[in-house]
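What follows is a single structure, and I will ask about it in a moment.
Computed from the coordinates by the stated procedures, all read-outs in this text should not be read as laboratory data. None of the values given here were measured: they were computed from a predicted structure. Cβ placement follows ideal geometry from the backbone for every residue including glycine, while neighbour counts extend to all protein chains displayed.
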Amino acid sequence: MTIKSLLITSVLALSIAGIASAKSYYFTLTGPAVAGTNQLKPGEYEVKLQGSQVVLTDEAHGKSITVPVTVEQNAKKFDDTQVETTTKNGTDNIHSISLGGSTTRIVLGQ
């Protein structure tokens, strides 16, 4: 095996490991809400953290949005995935999402 093929194999293995480690979380909105500058309809959403961004996918329609976030670490694991909203001008805005089973809390950019 040449050094070039070994290098290509190593890069491929590391990229696959990175994709495999991306875990998905889910939450349900009972009413409309805003994430960043995007309007979300009620329904179930998949959450995937990708670096300094979160991808929210509407499970019913398959439509995804990407929102910039700040990642925070909590001292202990969150029991469930929880969405914290604030109401501004009569509209619910997603402020943060705590990822169940992890110590990660993501704060959405507004």
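About the Cα centre, and with charges only on the beta carbon of Lys, Arg (+1) and Asp, Glu (-1), how big is the dipole of the range 24-93? Nearest 20 debye, please.
For the range 24-93, the charge dipole is close to 180 debye.
Multiplying the sequence separation of Lys77 and Gln39 by 0.36 nm and subtracting their Cα-Cα distance, what value in nm do you get?
Extra length available between Lys77 and Gln39 comes to 10.8 nm.
What FRET efficiency do you get for His61 and Thr103 if R0 is 41 Å and r is their Cβ-Cβ distance, rounded to the nearest 0.05?
Plugging the Cβ-Cβ distance into 1/(1 + (r/R0)^6) gives 0.85.
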